[in-house]
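Q: Let me begin by handing over the structure; questions about it come next.
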Amino acid sequence: MRSRHAAAERAAAGGLLRERFPILGRSVNGRPLVYLDSAATTQKPEAVIAAEAAYYRTSNANVHRGLHTLGDEATRLYEGCRSAVAGWLAVAPAQVSIQRSATAAINLVARGWDHHLKDGDAILVTEMEHHANFVPWQMLAARRKLELRVLPVTDGGELDLARLDDLLDGRVKIVAIGHVSNVLGTVNPVAEICGRARDVGALTLVDAAQSVGHRPLAFADTGADLLVFSAHKCYGPMGLGFLVGRPEVLAELEPLEGGGEMIEWVRLEGTTWAEVPHRFEAGTPNVAAAAAFPAAIALLEELGLADVRAHEQELTGYALEKLAALDGLVIFGPGDPARRGGLVSFHDPQVHPHDLSTILDQLGIAVRAGHHCAQPLHRRLGVVATTRASFGVYTARDEIDALVAGILEARKVFAP
Amino acid sequence: MSLGPIDDLYREVILDHHRHPRGRQPLADPDVTAEGRNPSCGDEVTLQLNFDGDRISAVGVDARGCAISTSSGSMLADLIEGMTVAEAEKVADAFRGILHGGELPADLDLGDLEALQGVQKFPVRVKCAILPWVTMLDAIIAHKQGRAPRPVSTEGVNASGAPMDVNVKERDA
Ligand SMILES: Cc1ncc(COP(=O)(O)O)c(C=O)c1O
């Protein structure tokens, strides 16, 4: 453990494999890019960019239809992605459905569980959810006259588990929770919550958009029936997300979209569906993105997810320490970096997040300012917007120093 | 450290309006109250107008958010009180033109508002500067039409790809 710590500290100083990410060589407004917005989307390594281009250059064809060589290659690449994700999360390939995004996967579930729901049932989400894991459930509740229950967040930025007993009763049929908050960074005890949800017979979904690829994770670790994530948040391409599930649960899920690819037999009288997971994959998918994603997984495996996690934790600890030293700055979420993902959101009473973001951008520093698709959470925090710095494998410690210097520079502009 | 265009953006007069916004006092009996809000960034403005014939006799502006939106709202309160509706619309149009890259009009004195010309160089911030003005335009249209104002946003683009703020007048035409 000590040597891992020492290694993480060395890595934090310089960032991991920076040279593999071509975009990091560019400058913004005449300064070297300091990219601190990896929670919105991570940058892409050359291997991923090359794999996506190579697909179009050499293997482009539609999947599961052509009987020709290119069609076969495209199908193998597409299914290769499914197998790579399955191996990564320690499930069988049939447990992985390839989707457009984490958002699409959540919507699929929110539309596909109707036959298990009746008037007066309840859905439980949390106050810290990304809108992607909030709005689809709100829509389902409105459509089916269900009660939407919300597990609150404590002042310390953690889920108020003491409230779970009142909120989680036999009426709750679906529990949907984020693994790592994209605003607070909080790592939620998903296995515990999913276990308790199972005791009352509820379906569980874990939004792992901020955790897959950022820490060692097997599907079984989450204790969930269903898990979703997006490739673009873990060094993969955009336009690709996944629904991973227990086989018996996926078998019960109704497809949302009808079309090609998801059918077995189509007759004028009716249609039978293809096997899981193909029945959830109507239409031509983003094969190029699927062909490229295994290169991202390979890079993360090369680094080792334990080291990736150690690196993010080290940077988060460093950022918490440096930001806390800024007089008056309010930092949200748990104080202990071991209990958070690789991001820090804060509010500077002296400079509005937009103004800060504009000034940092002039210095080449990219942060996110706004509500980060979590308006209910921001209401709870009592601010309309926060500034978020988030880290990736390539993030170096001196980039956090640059952020702190930039905040001081912004304060100078706004000093009375 | 020189921040280049930043010094142009955050001119002292802007910071002054941000720190000491004018016209913050709500009107006791407004003829119209309009809301502008940009949900993705959180800027909000509540704008109230009283009319005396075709003249704007009193203005109340409560702008909450970044320095660009709050200073713009404060300048609006300063500038349009006492103007005719047509004059206020002309100022709004001129300001919109400037934000989208145009020159300061020679025949119009925009007062402190001219300081916000620097926003030109920051396209992502145009929506902040224009929010109070688009809210005002909609309040005026609503008043003319005798309807309640609708919440206004200046985020994103409309169906033809133009910035949202460009088509507010046309929207109701
Ligand atoms: C926690 C969380 N859930 C879900 C999403 C949605 O991901 P996507 O937009 O890729 O569907 C995000 C990303 O913004 C997120 O941070």
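Q: How tilted is helix A:69-89 with respect to the longest principal axis of chain A? Cα atoms for both, answer in degrees (0 to 90, nearest 10).
A: 60
Q: Next question. Which of the peptides A:191-199, A:370-378 is most tightly packed, and how do the rest follow, judged by the mean count of other Cβ atoms within 10 Å per residue?
A: Listed from highest to lowest mean packing, they are A:370-378, A:191-199.
Q: For the range A:210-227, what does the Karplus curve 6.51 cos²θ - 1.76 cosθ + 1.60, with θ = phi - 60°, yield as ³J(HN,Hα) per residue in whole Hz, taken in order and with x for Gly and Pro?
A: 9, 10, 4, x, 10, 7, x, 8, 9, 3, 4, 4, 7, x, 8, 6, 9, 9
Q: Another question about this same structure. What is the average number of partner chain Cβ atoms found within 10 Å of a Cβ in A:408-414?
A: Mean partner-chain Cβ count within 10 Å for A:408-414: 3.
Q: Please say if the range A:49-300 is rounded, prolate or oblate, where rounded means a/c under 1.5 for a ≥ b ≥ c the square roots of the C-alpha gyration tensor eigenvalues, and otherwise the choice is prolate for a/b larger than b/c and oblate otherwise?
A: The shape class here is oblate.
Q: So, one more: Using the alpha-carbon centroid of each, what span in Å lies between the range B:90-136 and the range A:123-185?
A: 43
Q: Order of A:306-312, A:33-39, A:323-329 by packing, highest average Cβ count within 10 Å first?
A: Taking the mean over residues of other Cβ atoms within 10 Å, the ranking is A:33-39, A:306-312, A:323-329.
Q: Okay, next question. For A:H68 and A:E192, FRET efficiency with R0 = 51 Å and r from the beta-carbon atoms, rounded to 0.05?
A: After rounding to 0.05, the efficiency reads 0.50.
Q: While we're on this one: What ranking, highest mean first, results for peptides B:86-97, A:161-172 when packing means the other Cβ atoms within 10 Å averaged over each residue?
A: B:86-97, A:161-172
Q: Mind putting a number on the dipole of the protein assembly as shown about its Cα centre? Charges go on the C-beta only, +1 for Lys and Arg and -1 for Asp and Glu, and I need it in Debye to the nearest 20.
A: Roughly 960 debye, rounded to the nearest 20.
Q: Which value, in debye to the nearest 20, gives the size of the charge dipole of the range A:277-416 about its Cα centre, when Lys and Arg are +1 and Asp and Glu are -1 at the Cβ?
A: My answer is approximately 580 debye.
Q: If I model a spin label as a point 7 Å beyond the Cα along the Cα-Cβ vector, how far apart are those points for A:E301 and A:E248 in nm?
A: If labels sit at A:E301 and A:E248, their model points lie 3.0 nm apart.
Q: Just counting partner chain Cβ atoms within 10 Å, what average do the residues of peptide B:59-69 show around their Cβ?
A: 3
Q: Additional query: Computed FRET efficiency, Cβ-Cβ of A:L408 and A:R31, R0 22 Å: what is it to the nearest 0.05?
A: About 0.90, to the nearest 0.05.
Q: What is the spin-label model distance, in nm, from B:D93 to A:S83 if the labels are put 7 Å beyond Cα along the C-beta direction?
A: Simple spin-label model gives 6.6 nm for this pair.
Q: For the range B:1-140, just say rounded, prolate or oblate: build the C-alpha gyration tensor, square-root its eigenvalues into a ≥ b ≥ c, call rounded for a/c under 1.5, and beyond that prolate if a/b exceeds b/c, oblate if not.
A: Here the range B:1-140 falls in the prolate category.
Q: With +1 on each Lys and Arg Cβ and -1 on each Asp and Glu Cβ, and nothing else charged, work out how big the dipole of the range B:5-171 is about its Cα centre, in Debye to the nearest 20.
A: Roughly 560 debye for the range B:5-171.
Q: Rank A:I359, A:I98, A:I174 by mean-square fluctuation in a GNM of chain A with C-alpha springs under 10 angstrom and give only the top-ranked residue.
A: Comparing A:I359, A:I98, A:I174 in the GNM, the peak value goes to A:I359.
Q: Across the protein assembly as shown, how many lysine pairs separated by 8 or more positions, or lying on different chains, have Cα atoms within less than 20 Å?
A: Lysine pair count for the protein assembly as shown: 10.
Q: Now for a different question. If the elastic network links every pair of Cα atoms under 10 Å, which of A:S101, A:S390, A:S27 fluctuates the most in the Gaussian network model of chain A?
A: Comparing A:S101, A:S390, A:S27 in a Gaussian network model of chain A, the most mobile one is A:S27.
Q: Also: If you filter the range A:25-112 for trypsin sites (Lys or Arg not before Pro), then keep DSSP loop positions with at most 11 other Cβ within 10 Å, what is left?
A: Loop-located and lightly packed - A:R26.
Q: Net charge around A:H64, counting only other residues with Cβ within less than 14 Å of its Cβ (Lys, Arg = +1; Asp, Glu = -1)?
A: Neighbourhood net charge equals -3.
Q: Please report how far the C-alpha centroid of the range A:299-354 lies from that of the range A:235-266, rounded to the nearest whole angstrom.
A: 35
Q: Which part of the range B:86-106 falls in the paramagnetic zone of B:D31, meaning amide N under 11 Å from the point 7 Å along Cα-to-beta-carbon?
A: Hits in the range B:86-106 for B:D31 at 11 Å: B:86.
Q: When a/c is below 1.5 the answer is rounded, else prolate if a/b is larger than b/c, else oblate, so apply that to the protein assembly as shown with a ≥ b ≥ c taken from the square roots of the Cα gyration tensor eigenvalues.
A: prolate
Q: Return the percentage of antiparallel bridges among DSSP beta bridges fully within chain A, rounded to the nearest 5 %.
A: Approximately 60 percent, going by the DSSP bridge assignments.
Q: Still on this structure, I have one more. Rg (Å, one decimal) plus Dmax (Å, integer) for the alpha carbons of the range B:74-140?
A: 11.1, 32
Q: Let me ask something else. Find how much the distance from A:R267 to A:A92 grows on full extension, using 0.36 nm per residue of separation minus their present alpha carbon separation; answer in nm with one decimal.
A: Length difference between fully extended and current span is 59.9 nm.
Q: Name the residues of the range A:376-409 whose amide N is less than 19 Å from a point 7 angstrom out from the Cα of A:A142 along the C-beta direction?
A: A:376-377
Q: What residue among A:G239, A:G406, A:G156 has the largest mean-square fluctuation in a Gaussian network model of chain A, using Cα springs under 10 Å?
A: Most flexible of the set in this elastic network: A:G156.
Each reported figure results from applying straightforward, stated rules to the coordinates on display, with no laboratory input. The structure presented is a predicted model; accordingly, all values stated were derived computationally and were not measured. A quick note on method: Cβ atoms are made from the backbone with ideal geometry, for glycine too, and the neighbour counts reach across all protein chains shown.
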